[in-house]
2 protein chains.
Amino acid sequence: MITIEAIKPEEWSEAWKIMQPVFATGDTCAYAPDITEAEAFAAWIKGSEATFVAKDDHGALVGIYYLKINQPGLGSHVANAGYVVSTQARKRGIAAQLCEHSQAEAKRRGFLAMQFNIVVSTNEVAVKLWQKLGFQIVGRVPEGFRHAQLGFVDTLVMWKKLV
Amino acid sequence: MITIEAIKPEEWSEAWKIMQPVFATGDTCAYAPDITEAEAFAAWIKGSEATFVAKDDHGALVGIYYLKINQPGLGSHVANAGYVVSTQARKRGIAAQLCEHSQAEAKRRGFLAMQFNIVVSTNEVAVKLWQKLGFQIVGRVPEGFRHAQLGFVDTLVMWKKLV
């Protein structure tokens, strides 16, 4: 069982501890593997509409997501979100729960759709999960991601109508 | 004949005078039709890698473009650009010249590709021009743009390999 709620300022340090190792692998997220804590804070807290964290039964932080406006102005009815699950808490359905929560939160805020701009095509677990949760692949950018092991790989644009 | 060069701080006011009427139509750019000068400055000057302006024979400002990193970190080899041509200077090939210039500038800065994230599908003149200049449609987002006259219309992701 996990609970998902808005991040509290004092939880950022713990959140960064689970984010940094995920970014460092360079195989799933666009952020630089050596992204600094300040840069991550700017992207995930200062630059987002909202940030939520998932906690397990013991109160340990196991995941985090941000919710943003994907484009300004006349594209602002589309939300964007990003997710990180602790490497210690995989295969427990936490990413799915974060994604479902973010969709509900986006709807609550009046967004009509959700879009992911840079899903790494070789991250099959993620692609399949987003598809299972109703997202469609609506675009494929050739060599959009510089994968730490595989070199340049395609990225996907994925989209779901929420309302 | 036009010349294209990096914008000087004292040219922003003139640039905003040609940008505002284009954004106000709400049919081609994601920016809100009532975007403020400060918001435009944040997006086009503060938030960009570089901003260039086109001037005609008389030194009048007739177009502007920005160049940005499309995604941080492992997506940062892809550039993004946006263009505005004065409504008084259409059908003179200025958009094409701005786009060609932005590609050369992106290459000079080490970018390997260029991507447009939200090309309004009903803006046929633009879509055809970008295709003529070598961009491919690599994605189509349903109802990604709230068109001032047409309501929700699809948006295109367009991409070109530069190197």
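Derivation of every value follows stated rules applied to the coordinates shown; laboratory data play no part. None of the values given here were measured: they were computed from a predicted structure. Glycine gets a Cβ as well: all are built from the backbone with ideal geometry, and neighbour counts include every protein chain shown.
Observations
- Percent RCO, i.e. relative contact order, over chain A, from Cα pairs under 8 Å lying at least 6 residues apart: 20
- The range A:2-101: GluC sites (Glu not before Pro) in DSSP loop, at most 16 other beta carbons within 10 Å: A:Glu49
- Here chain A is treated with +1 on each Lys and Arg Cβ and -1 on each Asp and Glu Cβ, and its dipole about the Cα centre works out to around 580 debye.
- Share, in percent, of DSSP beta bridges within the protein assembly as shown that are antiparallel, nearest 5: 95
- Selection from A:Pro72, B:Ala30, B:Ala113 lying farthest towards where the dipole of the protein assembly as shown points positive, charges on Cβ: B:Ala113
- Within the listed set B:Gly134, B:Gly73, B:Gly63, the Gaussian network model of chain B (springs between alpha-carbon atoms below 10 Å) gives the highest mean-square fluctuation for B:Gly73.
- Beta bridges per DSSP with both ends in chain A, % antiparallel, nearest 5: 95
- Per-residue average of Cβ from other chains inside 10 Å of B:33-42: 1
- Unsatisfied cross-links (Cα-Cα over 21 Å) in the set A:Lys107/B:Lys68; A:Lys46/A:Lys128; A:Lys55/A:Lys91; A:Lys160/B:Lys160: A:Lys107/B:Lys68; A:Lys46/A:Lys128; A:Lys160/B:Lys160
- Helix-only mean residue ellipticity at 222 nm for the protein assembly as shown, each DSSP H run of n ≥ 4 adding -39500 (n - 2.57), per residue, nearest 500: -7500 deg cm²/dmol
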